[in-house]
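Structure first, then comments.
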Amino acid sequence: MTSFQKTTLILIIVILAGALYMFNTQDNTPTLPTEQPVATSTTITTITPNGICGFFVTSHNINGKASLQKPITVSGIIDNTDHQTRGCAWQMFEGQAGTAQAFAYVDTQWKSISKQTFVPVPNWMTTKTTFKVELAIDTGVMNIAAGTPLKVVFTEENASGEPPVDTYTLPLVATYGEIDQAPESMPLTVRIQDKAALAADRCDATVKATYQVPKTTAVADASLKLLFSEELAYYGVYKSVSIANSVAKVTLAANTLPDGRQYSSLSSCESGHLTAVLRDTLTQYPTITSVELYRPAGKIVF
C-alpha cells in the first residue's frame, strides 16, 4: 500500500469516527411548541406613535384607563406647523378634524362600542389648534368586564376623497366594565378658566366647577387628575403631587409641552391660565397655601 493510500484511509476513518460521535451525543429531545402570549391591548393593537402627522392626544397615555360607565372623552392638539419635515399633515375641514370611534376586544375580535363621531376643532383654518371629542358608549349585550382592551380610532377629515388618509389608534383598558359595580362617588370642586373674562384679557380669572369622581380622601391628587384630563391637558400629563409645609409641589410627566415646546415659550396668557387654575383649585384646601410646578428636570418658573 502506497503512502498516499495510507493517508486517504486514515482520513476516511477519522471522518467516520467524528460522524459517529456527533450522532451519539446530539440532543434528540423533541422541540415543544412555544406558549402563545396572552392577548393584551399592546399585543392586539398596533401602537401608532402619538403625534403622527401632527395629531397629539394629551388626555390619555398609551394603555390608559377608561370607564365604560360614562362617555370616553379624548382631547389633544393638532399641530401642522412642522408638516414639511414630517411629510404629512392632519387634515381638517369646516370645523372638523375627522372622526373618532371606540372599540372593545371581545371574543377575539374588535367590536364597536360607539358611533363614529365627528371631532370638532375651534379653528380648522390654522396650523395649530385643539380638539376634544366625547364618545357615548353603547355596548349592547356584550357585558364587558374590567380589564378588557379598548381602542379609539381617529381618522382625519378627507374632504378631497383622495388617498392616503391618516389614522391614529389610541389603545386603552376598561377600568370599570358594565358588569362591575361602579365605585362610590363624591362631588369634587375645582377651578377652571372663566371664559367670559377672556374678552377683557383676564386669562387668570377662574370659576368653580363641580364634578362627580370616585370617592377618595386624596382630594388634591383627584383634583389634579381631573384638571389635567381636560382643562389643563394642553400643558402636559400630570404625574404626582406632594404637600409639605403647606406647599403643594405638582410634578408633570415630561420636560416639555405635549407639542414639544419648552415651558418658557408659553405666552403670558397661557402661563396665567395654568398657574391660576392650579393655585385657585389647590389653595381651597386648608393644608395648602401655595403651589409650585415641576417637571422631571426641575422646577418650572414663569
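So here's what we get for this one:
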item: Part-to-part distance (alpha-carbon centres) for segment 180-255 and segment 61-131, which is given in Å; result: 23 Å
item: Convex hull volume per residue in cubic angstrom - Cα atoms of segment 185-299; result: 101 Å³
item: Dipole magnitude (debye, nearest 20) for segment 185-299, charges at Cβ of Lys, Arg, Asp, Glu; result: 260 debye
item: Relative packing of peptides 92-98, 237-243 - highest average C-beta neighbours within 10 Å first; result: 92-98, 237-243
item: Packing rank of 275-288, 157-170, where each peptide gets the mean count of other beta carbons within 10 Å, highest leading; result: 275-288, 157-170
item: Computed lengthening from A145 to T167, 0.36 nm per intervening residue step minus Cα-Cα distance; result: 5.2 nm
item: For segment 39-144, projected area of the alpha-carbon convex hull averaged over all directions, nm²; result: 7.3 nm²
item: Above-threshold pairs, the threshold being 32 Å between Cα atoms, out of K208/K299; K151/K299; K128/K151; K111/K249; K70/K208; result: K151/K299; K111/K249
item: Residues whose placed amide H lies under 5 Å from that of T148, excluding near-sequence neighbours; result: A174
item: Table column - 3J(HN,Hα) (Hz), segment 98-108, Karplus curve with 6.51, -1.76, 1.60, x for Gly and Pro; result: x, 9, 9, 8, 9, 9, 10, 8, 10, 6, 6
item: 5 angstrom amide H check on T206, placed H, neighbours 5+ away; result: D194
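Since every read-out is calculated from the coordinates, none of them should be taken as a lab result. Here the structure is a predicted model, which means the values were calculated and not measured. In this analysis, Cβ positions are derived from the backbone assuming ideal geometry, glycine residues included, and neighbour counts consider all displayed protein chains.
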